[in-house]
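Note sheet for the following structure.
Readers should treat all values here as calculations from the given coordinates under stated rules, not as data from a laboratory. Since the model is a prediction, treat every value here as computed from it, not as a measurement. Methodologically, a virtual Cβ is constructed for each residue, glycine included, from the backbone with ideal geometry; neighbour enumeration extends over all protein chains shown.
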Amino acid sequence: MLVSIDKRGSVSLPAAVRKDLNLYPGSFLDLTILDGGRLALSPVAVYPTVRLSDSGLAKLTEARQGGVEQMPDWLREEITDAATDPN
């Protein structure tokens, strides 16, 4: 399949290829340069990382020490408020 490179260096994948590979806007591809200058693109899943402050890490440690049968009240509240509270 022949594709071209635009002036920004972008390559457009034909719709049929994107559909077959379930690729959508925002999908990630791993680019590998193979022997002889061949290129290989492989779909990959990328998951965002969660970064915790020192106080967040302390709360997580406390929650882990609390056992699996019951979450601390403060953690239950944090989970409930997570969608609305930016802090």
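Counting only residues that are touching a strand residue (DSSP E or B) at 6+ places or on another chain (Cβ under 7 Å), exposed (fewer than 10 other Cβ atoms within 10 Å of the Cβ) and of a type in the set (Ser, Thr, Tyr), segment 12-31 holds 0 of them. Cβ-Cβ contacts under 7 Å between residues 6 or more apart (or on different chains), taken from a first residue in segment 32-51 that is in a loop (DSSP other than H, G, I, E, B) to a second residue that is surrounded by 10 or more Cβ atoms within 10 Å (Cβ to Cβ) and of a type in the set (Phe, Trp, Tyr), are listed as VAL46/PHE28.
So is GLY9 within 30 Å of GLU78 (Cα to Cα), among the small types (Gly, Ala, Ser) and not in a helix (DSSP H, G or I) or not? No; evaluated as a whole, the condition is false for this residue.
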